[in-house]
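Remarks on the structure that follows.
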Amino acid sequence: MLILNRKDVEHLLSMPTCIELMEAALASLARGEVQLPLRPVIRIPDSPNAFAVMPAYSAALKSLGAKLISVFPANHGTALDSHQGAVALFDGSNGSPIALMDAASITAIRTAAVSGVATKLLARRDAKVVTILGAGVQGASHVDAMLAVRPFERFIVWSRDPRHAERLADAKRRTHDAAFEVAGEAPAAVAAADVVCTVTASREPVLHGNWLREGTHINAVGASLPTTRELDSAAVARCRVFVDRRESAVHEAGDLLIPAKEGAFRMESIAGEIGEVIVGAARGRQNDREITLFKSLGIAVEDLACAHWLYGRARARNVGTTVDFGA
């Protein structure tokens with residue numbers, strides 16, 4: 001069995017490559033080539049913490065696997081990631097376990113890469129300004145993903161802790177040519193944006209509908225439980241909504257389920273899955289005034305596609321550690 005740690009994954013998997021992998025994986029899902037059961041989630045009592053198992057099989061890749069992931073939001077700002085775990089990869093022809101990979105690094109890259117795919121498809125062609133709400137791991141990776149798909153000129157970073165926003169902006173100034181600034185207040189940061197990425201650990205809205213201007217595209221990433229959300233109902237009501245997967249959204253997306261319960265949104269009005277837009281089965285942005293929302297939950301085929309590609313690349317480059325395991 002091949003073992004890939006965080007450094008191995010980050011060394012092998014670039015953001016542009018991951019964006020290509022995610023586009024192919026989501027298109028394959030839309031074509032019906034993926035088996036993807038809903039993930040079982042264990043909620044840890046008396047806490048916001050959770051543990052989930054995310055299995056998938058891809059006929060296109062002839063591969064199967066699962067991600068085992070813990071989500072502990074309070075780890076944000078510490079030496080530990082909020083998302084930790086492992087991706088297990090199995091040979092699709094004989095069922096043998098062939099690899100175990102760090103899930104935190106895969107999750108950090110592929111989540112932002114999917115937002116990159118959505119932004120490429122749904123943001124206005126003249127979009128120049130991105131606002132990032134949240135300055136953790138996903139805040140950093142979303143900057144990389146946005147710049148991998150569009151030549152954005154300006155980034156505005158907001159965090160409830162201004163020190164985190166300053167740290168992120170300072171780090172990205174060293175590696176990217178775009179302008180980076182820190183916002184003191186979220187409403188002004190959102191109002192100035194062509195694209196907004198919500199990547200917080202908040203359980204309550206951090207983005208409100210009356211802050212949005214026409215033509216904005218939103219990637220809503222941070223909330224992944226039916227009882228949590230980053231957008232208020234007024235924001236969702238103003239949007240044409242896209243998801244990574246309908247079945248997951250109607251069971252897990254608090255950003256949509258809570259407005260639906262309040263009567264501000266109908267789940268039936270979801271415009272399409274991102275994969276459907278890629279293959280031409282759903283229409284993307286219709287005009288420059290439309291506000292588009294991509295609600296990302298993260299689905300197992302994304303992790304499987306990364307693991308399948310990483311396994312082949314690592315073997316070719318002799319990266320990772322091989323251990324005896326199983327028969």
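Only the coordinates and a few stated rules stand behind these numbers; no lab work does. Just so we're clear, the structure is a prediction, and the values are computed from it rather than from any experiment. Quick reminder, even Gly has a Cβ in these numbers, built from the backbone with ideal geometry, and neighbours come from all protein chains shown.
The mean sequence distance of close C-alpha pairs (under 8 Å, at least 6 residues apart), as a share of the length of the chain, puts its relative contact order at 21 percent.
Looking at the chain alone, DSSP beta bridges between its own residues are antiparallel in about 50 percent of cases. From the square roots a ≥ b ≥ c of the eigenvalues of the alpha-carbon gyration tensor of region 70-177, which class results: rounded (a/c under 1.5), prolate (a/b over b/c), or oblate? Oblate is the answer for region 70-177, as a/c is 1.5 or above yet b/c matches or exceeds a/b.
Using θ = phi - 60° in the Karplus curve 6.51 cos²θ - 1.76 cosθ + 1.60, the 3J(HN,Hα) couplings for region 201-209 round to 9, 5, 9, 10, x, 10, 10, 10, x Hz; x is entered for Gly and Pro.
Of all lysines in the structure, those lying under 18 Å Cα to Cα from K120, and not within fewer than 8 positions of it along the same chain, are K128, K295.
Here D46, D244, D170 are placed in order of increasing Cβ neighbour count within 10 Å, fewest first, which gives D46, D170, D244. Evaluating 6.51 cos²θ - 1.76 cosθ + 1.60 at θ = phi - 60° for every residue in region 107-113, the Karplus couplings come out as 4, 4, 7, 6, 4, 5, 4 Hz, glycine and proline recorded as x.
Summing charges over neighbours of F152, with a neighbour being any other residue whose Cβ is under 15 Å away from its Cβ, gives +2 when K and R count +1 and D and E count -1. For region 125-295, the square roots a ≥ b ≥ c of the C-alpha gyration tensor eigenvalues yield an a/c of 1.5 or more together with a/b exceeding b/c, which makes the shape prolate. Normalised Debye scattering of the chain at q = 0.08, 0.10, 0.14, 0.15 Å⁻¹ gives log10 I(q)/I(0) of -0.34, -0.53, -1.08, -1.25, counting only Cα atoms as equal scatterers and leaving out solvent.
Between A99 and L2, L89, the built amide H atoms are under 5 Å apart, and every one of these is 5 or more places off in sequence or on another chain. In the chain, helical runs assigned H by DSSP with n ≥ 4 each contribute -39500 (n - 2.57); averaged across all residues and rounded to the nearest 500, the mean residue ellipticity at 222 nm is -11000 deg cm²/dmol.
Once the Cα-Cα distance is subtracted from the 0.36 nm per residue extended length, the R160 to T322 segment shows a gain of 54.0 nm. Each residue of region 229-237 is assigned a 3J(HN,Hα), and the resulting list reads 7, 10, 10, 7, 5, 5, 5, 5, 4 Hz, derived from the Karplus form 6.51 cos²θ - 1.76 cosθ + 1.60 (θ = phi - 60°), x at Gly and Pro.
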